[in-house]
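Trainee: Can you keep this structure in mind? I'll have questions shortly.
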Amino acid sequence: MAKLTARGPWFWAAFDPDDRNAGADTATLRKGLGREAGSVPELWRYYRVVVPDQVAAAGQITPDLAAEHAALTLFALHQQSQRTSMHRNGEHIGAALRKLRRSEQFAGNPDALDRRVGAAATATSVTELVFHLRGLIALLRGQQLPLDYSQLAQDIADWRTPSGQARARRRWGANYFAWDRNSTDDDRAPQTTTI
């Protein structure tokens, strides 16, 4: 598993929602939703991932750049209309989704969220994964639940190989169905979804 490397802090890590340009920056980043990395010139200045000179000169998109692009656009979607940063170091997506599962929104029917998380976790391509993540991120935004976008970018980058997918799935499952002192039996047991 190759670790993503950046030239400077990731955008989401340095993001300040009180900055006067914060809203404009995230609006610009949302233009990249569903678009290929590098295809929206306004986004170029936000990229931090290291791309080898010969790859950049050839106009190729590296898997790491594609992962950063997806994380940037998802962060911008998550950050929309929020007064605090939706990036929080150490808050794995599985843990954020577990909090969402325990929220009032899913109190009566956690199976609905389990199915959506399961669909994302069983995605067989990065494109499919990002499609499912977009819906999950919108749900997290609605409950103002942040997550670690540096880890999410790494998970997306890992998704390009079967072994990377397996590692990311294990992380998601371990965090989503974590057992802690405050868990009830209903919180811990998946109903019909295997992650």
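The values are calculated or read from the model by the stated rules, or taken from the named source; none is laboratory data. Predicted model only: the values in this text are computed from it and were never measured. Reconstructed Cβ throughout: ideal geometry from the backbone, glycine too, with neighbour counts over all protein chains shown.
Trainee: Report yes if residue 64 is in contact (Cβ under 8 Å) with a residue 12 or more places away in the chain, under 21 Å from residue 158 (Cβ atoms) and not small (Gly, Ala, Ser), otherwise no.
Mentor: The answer is yes for residue 64.
Trainee: Given (1) within 18 Å of the chain's Cα centre (by Cα); (2) free of Cβ contacts under 8 Å to residues at least 60 places away in the same chain, identify the lone condition not met by residue 4.
Mentor: With respect to (1) within 18 Å of the chain's Cα centre (by Cα); (2) free of Cβ contacts under 8 Å to residues at least 60 places away in the same chain, residue 4 is out only on (2).
Trainee: Another question, if that's okay. Among the numbered conditions (1) outside any helix (DSSP H, G or I); (2) buried (at least 21 other Cβ atoms within 10 Å of the Cβ), tell me where residue 3 comes up short.
Mentor: (2)
Trainee: Every residue in region 82-129 that is of a type outside the set (S, T, N, Q), out of contact with any helix residue (DSSP H, G or I) (no Cβ under 7 Å at 6 or more places or on another chain) and more than 19 Å from residue 170 (Cα to Cα), please.
Mentor: Scanning region 82-129 gives 83, 88, 104, 107, 108, 111.
Trainee: Which one is surrounded by the fewest Cβ atoms within 10 Å (Cβ to Cβ), of the residues in region 7-51 that are in contact (Cβ under 8 Å) with a residue 60 or more places away in the chain and in a helix (DSSP H, G or I)?
Mentor: 13
Conditions tested, residue by residue: (1) surrounded by fewer than 16 Cβ atoms within 10 Å (Cβ to Cβ); (2) at pLDDT 95 or above.
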{"position": "89", "(1), (2)": "yes, yes"}
{"position": "93", "(1), (2)": "no, yes"}
{"position": "98", "(1), (2)": "no, yes"}
{"position": "106", "(1), (2)": "no, no"}
{"position": "128", "(1), (2)": "yes, yes"}
{"position": "133", "(1), (2)": "no, yes"}
{"position": "140", "(1), (2)": "no, yes"}
{"position": "152", "(1), (2)": "no, yes"}
{"position": "157", "(1), (2)": "no, yes"}
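Trainee: Return yes or no: is residue 85 among the small types (Gly, Ala, Ser), under 15 Å from the mean Cα position of the chain (by Cα) and over 30 Å from residue 162 (Cβ atoms)?
Mentor: Yes; evaluated as a whole, the condition is true for this residue.
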